[in-house]
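Enquirer: This is the structure I have questions about; it appears just below.
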Amino acid sequence: MGINIALDGPSGAGKSTIAKEVAKNLGYVYVDTGALYRSIGLYAYRLGKKTNEASEVVPLLPDIKLELKYVDGTQRVIMNGEDVSEAIRAPEIAMAASNVSAIPEVREFLLSLQRTMAEKHNIVMDGRDIGTVILPNAQVKIFMTASAEERANRRLKEHLAKGQNISYEEILKEINERDYNDSHRAASPLKKADDAVELDTSDLDINGAVSAVLEIIDRKLNSLRPQRGMAPAVNRFFFTFVRWIALGLLRIVMKVRYEDLSNIPKSGSYIIAANHHTVLDPVAIGVKMNNISAYMAKEDIFEHKIAHALKIFHAFPVKRGKGDRSALNTGIEYLNRGYNLTIFPEGTRSKDGKIGSFKSGVSFIASEADADVLPIGITRRKTRLGRTFLTVRVGKLIPYYKLKVNSLSSSELRHSRDIILNEVKGLVDE
């Protein structure tokens, strides 16, 4: 199962709007379950069926084929080949959706579709019973609320913006009726899951609500991350001694300036991902870390006499361009033992100063080990006297759940890899 975020709550609490923004922020798939029920309600409404009568709705289900597609990053709802994304938002379809959602056969009809998406992707799903019925094992469950009056005001603004003529009183009445229907229906009534975090958005704008949800997600997923300590104490003592010697020697060879060192975590293990200019880049990075790092290095380096020294400093070989699963597993092992893992995802040093394409191994390890990634950008200049000048800039830690992939498909790994690449690029001076 991927990472699943369940957002439940009454109609008009802002779930869909907030869920879309949260999914975009995390790079997850957004699943609008309300749109699925609205589609069935629309189908029955168009045929003149009583949407609150199971005997009239259930026979229609075999004729309905639903798909969720993403066009330019926007979810589109396809029913029997027709894009109904706008049609299902008509005011009269809201009550039809509430009516059909109370029919057990309709809920069962949609259950497998929703769970299949949750298994295949990292998702944000909103609805009425996501955390209680659809995704009872979701890692994060949030129950969003807001006063009926505030929800009516929000809906009124939406309708007016679309040129739809409807009064505040009508909307408030509809919301109160729907709240009652949703919370009193026999099939999967609206209620807060026992392990859900309640969030009242009455006094929050969209940005405030999105920030609050992201904070809850961050807090919850951080509590689920594997708890790793630091590298062994004896090794850390040796590392501290060597670090100061290395720093002194490094300053003889080149001039190094460090920026934003406060972004370096004070404890725990994580992946360090940096662009690569010189053979001394690992030293320039390592001397400022609070923890010992293991290093993934290209295989041919270990053919030289320095191979033994490299292994003392926890370097291990990787076969470039061959999907070296053994090296990837070694990296995961080091993380689990409390070491950092330093990777130069380009796979080789840059010859022209530009950042090349990143390999996907860093994304694979981050996902498999649930490891955060610390991006570092290195800029190299030559002084007039020919001395090398490095600027090492430390970025903000990228949480593992933003990089989590499920199927390990090439497209998912590329997306995760590009998040890291863009962060590193943003740290490098042009």
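Each row is one residue, and each column tells you yes or no for (1) part of a helix (DSSP H, G or I); (2) open to solvent by 70 Å² or more (accessible area, probe 1.4 Å); (3) among the aliphatic types (A, V, I, L, M).
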position: PRO10; (1), (2), (3): no, no, no
position: ALA13; (1), (2), (3): no, no, yes
position: VAL31; (1), (2), (3): no, no, yes
position: GLY41; (1), (2), (3): yes, no, no
position: ASN52; (1), (2), (3): no, yes, no
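Enquirer: I've got another one for you. Between LEU390, LEU408, LEU421, LEU427, which is within 21 Å of ARG225 (Cα to Cα) and touching a residue at least 12 places away in the same chain (Cβ under 8 Å)? Before you say what the answer is, go through the steps one by one.
Expert: Details: LEU390 fails: within 21 Å of ARG225 (Cα to Cα); LEU421 fails: within 21 Å of ARG225 (Cα to Cα); LEU427 fails: within 21 Å of ARG225 (Cα to Cα).
Result of the check over LEU390, LEU408, LEU421, LEU427: LEU408.
So that you can scan it fast, the table gives a plain yes or no per residue for (1) open to solvent by 40 Å² or more (accessible area, probe 1.4 Å); (2) hydroxyl-bearing (Ser, Thr, Tyr); (3) farther than 22 Å from SER183 by Cβ:
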residue: LEU110; (1), (2), (3): no, no, no
residue: VAL124; (1), (2), (3): no, no, yes
residue: VAL133; (1), (2), (3): yes, no, no
residue: GLN139; (1), (2), (3): yes, no, yes
residue: MET144; (1), (2), (3): no, no, no
residue: LEU156; (1), (2), (3): no, no, yes
residue: HIS159; (1), (2), (3): no, no, yes
residue: LYS162; (1), (2), (3): yes, no, yes
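Enquirer: Among the residues of the stretch 367-382, is any among the polar types (S, T, N, Q), open to solvent by less than 20 Å² (accessible area, probe 1.4 Å) and in contact with a helix residue (DSSP H, G or I) (Cβ under 6 Å, 6 or more places away or on another chain)? First the steps, then the outcome.
Expert: Filtering the stretch 367-382 for residues among the polar types (S, T, N, Q) gives 367, 379.
Among the residues that remain, those that are also open to solvent by less than 20 Å² (accessible area, probe 1.4 Å) are: 367, 379.
With the extra rule that they be in contact with a helix residue (DSSP H, G or I) (Cβ under 6 Å, 6 or more places away or on another chain), the set shrinks to none.
So far as the stretch 367-382 goes, no, none of its residues is among the polar types (S, T, N, Q), open to solvent by less than 20 Å² (accessible area, probe 1.4 Å) and in contact with a helix residue (DSSP H, G or I) (Cβ under 6 Å, 6 or more places away or on another chain).
Enquirer: What are the residue pairs meeting all of these: first residue in the stretch 64-78, first residue surrounded by fewer than 17 Cβ atoms within 10 Å (Cβ to Cβ) and part of a strand (DSSP E or B), second residue of a type in the set (S, T, N, Q) and at pLDDT below 90, Cβ atoms under 9 Å, and 6 or more apart or on different chains?
Expert: Once the first residue is surrounded by fewer than 17 Cβ atoms within 10 Å (Cβ to Cβ) and part of a strand (DSSP E or B) and sits in the stretch 64-78, its partners that are of a type in the set (S, T, N, Q) and at pLDDT below 90 give LYS69/GLN75.
Enquirer: Tell me which residues, restricted to the stretch 284-319, are surrounded by fewer than 17 Cβ atoms within 10 Å (Cβ to Cβ) and within 28 Å of the chain's Cα centre (by Cα).
Expert: Of everything in the stretch 284-319, just one residue is surrounded by fewer than 17 Cβ atoms within 10 Å (Cβ to Cβ) and within 28 Å of the chain's Cα centre (by Cα), namely ASN290.
Enquirer: Among the residues of the stretch 37-63, write down those that are hydroxyl-bearing (Ser, Thr, Tyr) and in contact (Cβ under 8 Å) with a residue 60 or more places away in the chain.
Expert: In the first step, residues of the stretch 37-63 are kept if they are hydroxyl-bearing (Ser, Thr, Tyr); the result is 37, 39, 43, 45, 51, 55.
If the condition is that a residue be hydroxyl-bearing (Ser, Thr, Tyr) and in contact (Cβ under 8 Å) with a residue 60 or more places away in the chain, then TYR37 is the only one that fits.
Enquirer: Another question, then. Return the only residue of LYS319, LYS298 being within 22 Å of LYS359 (Cβ to Cβ), among the basic types (Lys, Arg) and touching a residue at least 40 places away in the same chain (Cβ under 8 Å). Before you say what the answer is, go through the steps one by one.
Expert: Working: LYS319 fails: touching a residue at least 40 places away in the same chain (Cβ under 8 Å).
The unique qualifying residue is LYS298.
Enquirer: Which ones in the stretch 97-138 are in contact with a strand residue (DSSP E or B) (Cβ under 6 Å, 6 or more places away or on another chain) and at pLDDT 90 or above?
Expert: Those that are in contact with a strand residue (DSSP E or B) (Cβ under 6 Å, 6 or more places away or on another chain) and at pLDDT 90 or above: ILE123, VAL124, MET125, ASP126, ILE130, GLY131, LEU135, ALA138.
Enquirer: Report every pair of residues separated by at least 6 positions or lying on different chains whose Cβ atoms are under 6 Å apart, first residue within the stretch 331-348 and open to solvent by 20 Å² or more (accessible area, probe 1.4 Å), second β-branched (Val, Ile, Thr).
Expert: ILE332/ILE365
Enquirer: Follow-up. Scan the stretch 279-290 for residues that are of a type in the set (S, T, N, Q) and under 17 Å from LYS311 (Cα atoms) and report the count. Steps first, answer last, please.
Expert: Filtering the stretch 279-290 down to residues of a type in the set (S, T, N, Q) leaves 290.
After this cut, where a residue has to be under 17 Å from LYS311 (Cα atoms) as well, the list is none.
Qualifying residue count for the region: 0.
The values are calculated or read from the model by the stated rules, or taken from the named source; none is laboratory data. This is a predicted model, so every value here is computed, not measured. In this analysis, Cβ positions are derived from the backbone assuming ideal geometry, glycine residues included, and neighbour counts consider all displayed protein chains. When the accessible area is computed, the model is the full protein with side chains, heavy atoms only, and any ligands, DNA or RNA have been set aside. Shrake-Rupley method; radii C 1.70, N 1.55, O 1.52, S 1.80 Å.
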